[in-house]
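Beneath this line is the structure, given in structure tokens, with notes to follow.
The values are calculated or read from the model by the stated rules, or taken from the named source; none is laboratory data. The shown structure was predicted, so the numbers you read here are calculated from the model rather than taken from an experiment. Neighbour counts run over all protein chains shown; Cβ positions are idealised from the backbone, glycine included. In case anyone asks, the SASA skips ligands and DNA or RNA and just uses the protein heavy atoms, side chains included. Shrake-Rupley method; radii C 1.70, N 1.55, O 1.52, S 1.80 Å.
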Amino acid sequence: MRRLLAPVLFVVLLALGGCIWIDSYFLPPPEDTAQELYEAGVAAMNEKDYGDAQEYFSKLKDRFPFSPFSLKGELALGDAYFLDGEYVFALDAYKEFEALHPSNENIPYVLYQIANTDMSMFRTIDRRQENVKEGLEYLYRLKETYPQSQYAEAATDMIAKGRRILAEHEIFVADFFWRTEQYGPAWHRYQYVVENFSDIPDLREYSIKRAEYSYFEYQKTLSEEERLRVQGSWTRWLKQWL
């Protein structure tokens, strides 16, 4: 009997091993759970492997859209893009989170990060500053809607930074008009800075002086009638802002 059982057991074990090998070869491996994907993404973030983190959080979002881990993963995906310098993707992720979860407790952070991402896209003063303008809009919303948030307090410094960028951009354009002897446009640009950036005293003082210089050069190019009309408006404006 023992002699008969040994070959039979050998055949059974061989068959079982073959089944396991076939299953592992032909059947797809089991998918990660929502928790496993989230934890893998967090681990990648801790290791600063932001590309891997983006992959894990994207899979989590696609495969388990209704999981509590997916909610946390959506926000973490924006952070992974931001820390990786992928600012366009980060903006999309943060804005999508805000649109899908407007009452979530993390919205103050999301508004701050949208502004932070916009500000991080600033490169040089000579370019259009649409991202800076958008960032300021989100910062104003944050301070108005969530005044007690820790991020509202942090927004104050960022607002000052953004407004200086906008003022410097306006002065850059005004200075260009001045250098190219386009005194009328230069005058109006300097006036704009004086009227809208009183919270930046050094740039405002500079613009007042340059507006005066631009005006006197500009009025030389006008007819007598135009000169009289412009002089009246200029005198009223100067009295208002001096």
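The figures follow:
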| quantity | calculated |
| --- | --- |
| Selected residue (criterion: farthest from the chain's Cα centre (by Cα)) from residues of the stretch 123-140 that are of a type outside the set (Ser, Thr, Tyr) and open to solvent by 80 Å² or more (accessible area, probe 1.4 Å) | Asp126 |
| The stretch 76-122, subset of a type in the set (Ser, Thr, Tyr) and closer than 27 Å to Val173 by Cα, residue surrounded by the most Cβ atoms within 10 Å (Cβ to Cβ) | Thr117 |
| Set Glu130, Glu137, Glu168, Glu98: member being at pLDDT 95 or above and either more than 20 Å from Phe82 (Cα to Cα) or aromatic (Phe, Trp, Tyr) (or both) | Glu168 |
| Residue within the stretch 26-34 that is open to solvent by less than 60 Å² (accessible area, probe 1.4 Å), within 20 Å of Phe97 (Cα to Cα) and modelled with pLDDT of 95 or more present | no |
| Entirely in the stretch 172-242, the helices (runs of 4 or more DSSP H) that have 3 or more residues that are crowded, with 18+ Cβ neighbours inside 10 Å and at pLDDT 95 or above | 183-196, 201-219 |
| Residue tally, condition exposed (fewer than 15 other Cβ atoms within 10 Å of the Cβ) and among the small types (Gly, Ala, Ser), over the stretch 155-165 | 1 |
| Selection within the stretch 51-88 - touching a Gly at 6+ places or on another chain (Cβ under 9 Å), of a type in the set (A, V, I, L, M, F, W, C), over 18 Å from Ile107 (Cα atoms) and part of a helix (DSSP H, G or I) | Ala53, Phe57, Leu60 |
| Which numbered condition Glu168 misses (of (1) open to solvent by less than 40 Å² (accessible area, probe 1.4 Å); (2) within 16 Å of Phe197 (Cα to Cα)) | (1) |
| All positions within the stretch 51-68 that are more than 17 Å from Thr117 (Cβ to Cβ) and surrounded by 22 or more Cβ atoms within 10 Å (Cβ to Cβ) | Tyr56, Leu60 |
| Failed condition for Lys48, given (1) open to solvent by 60 Å² or more (accessible area, probe 1.4 Å); (2) assigned to a helix (DSSP H, G or I); (3) at pLDDT 80 or above | (2) |
| Odd one out for Lys143 among (1) in a helix (DSSP H, G or I); (2) open to solvent by less than 70 Å² (accessible area, probe 1.4 Å); (3) under 25 Å from Leu71 (Cα atoms) | (2) |
